[in-house]
Structures are given as structure tokens and as C-alpha cells.
Amino acid sequence: MAIETSLILFKPDAVEKKIVGQVLARYQALGLQIRGIKMMQLGEALLREHYAHIAHLPVFPDIVAFMRKTPVVAVALEGENAIAAVRDLLGPTNSKTAAPGTIRGDLGEDIMINVCHASSSTEAATAELKRFFKDGELFSF
């Protein structure tokens, strides 16, 4: 099994509902370690880079407005097969189709209001961690 680090972004709905700690505890219960954590207000340029794969869609301005509604909490989680473990617990993007017991199934509302973003692959995690954490902001112990 591979030791990986995944990016999690707690979206504005998680921040507004005050469930960041509750959700983070569920990830930690899997044995995942926090390597970095911070709250930040996202700018449009960063969101355009992060969501470049959907920036051409008509819904993109709505995504930007939603993601700028409040600060988000960025977390780097490390553990064995962390990327798959995080995504399995999180559930599918559309909270309406997410199974009970998953984070989105229990706490999400729809395809946008769905608690967290999580890295989809090793390559995505590498790029996303560099995008949201500067040198010296990730720790190993």
C-alpha cells in the first residue's frame, strides 16, 4: 500500500454549517494524519486554475460565487491509499446520489453544496497541494 497525501477543501457550506471539525474527525478516524491545515479566502484566479477543466461551462460563474462566499479550509491528509480512502468516505460528487454513511450522503445537499472537494488522483493531489500550500506549510512527523 502506498502512503499518499490528498488535498481536502472544506467548502463554504461546511464552514457555514460549522461541520468542519465533525467531518475532519471522520477522516482522522480512518487513520489519516493532518500534514497541513489553514483557512483561506479564494480568489477568482486561483479558482479558475483549480477548476480549469470546467471553466468553460455556463455554471462556472456560479461555482466561483459559491466558493468565494466564505473562506474555505484547506487540509492535507496523509495515509495509506489516502486519495481513495478520502474519496470513498466522501462519496460521489452529487450528494443526492451519495449513500448514507458517506460524508456527502449524510451532510451534503446537491452537486455543488457537497461539503468538500477531494483530490481525484495522485497527479491531481500533487498539483492541488502545490496550489493551496506553500513550501514549508506541510509537515511530516
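Nothing in this text is a laboratory measurement; each read-out follows from the coordinates by a stated rule. The model shown is predicted, which means the values in this text are computed figures rather than measured ones. As a convention, Cβ positions derive from the backbone with ideal geometry for all residues, glycine included, and neighbour counts pool all protein chains shown.
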Return the calculated 222 nm mean residue ellipticity for the chain, to the nearest 500 deg cm²/dmol, obtained by summing -39500 (n - 2.57) across DSSP H runs with n ≥ 4 and dividing by the residue count. -10500 deg cm²/dmol
Arg35's amide H: which non-local residues (gap 5+, or another chain) put their own amide H closer than 5 Å, with H modeled 1.01 Å from N in plane and none for Pro or chain starts? Ala76, Leu77, Glu78
On alpha-carbon atoms, Rg over Rh for the chain using Kirkwood Rh? 0.93
Can you sort Thr93, Thr126, Thr5 by how many other beta carbons sit within 10 Å, fewest first? Thr126, Thr93, Thr5
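Using Cβ counts within 10 Å as a stand-in for footprinting exposure, how do Met112, Met39, Met67 rank, fewest first?
Met39, Met112, Met67
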Sequence of Ser121, Ser95 once ranked by neighbouring C-beta atoms within 10 Å, starting from the fewest: Ser121, Ser95
Net lengthening on full extension, Ala99/Ile34 (0.36 nm per residue, minus Cα-Cα): 20.8 nm
For Cys116, enumerate residues with amide H under 5 Å from its amide H, sequence gap 5+ or separate chain, H modeled in the peptide plane. Lys11
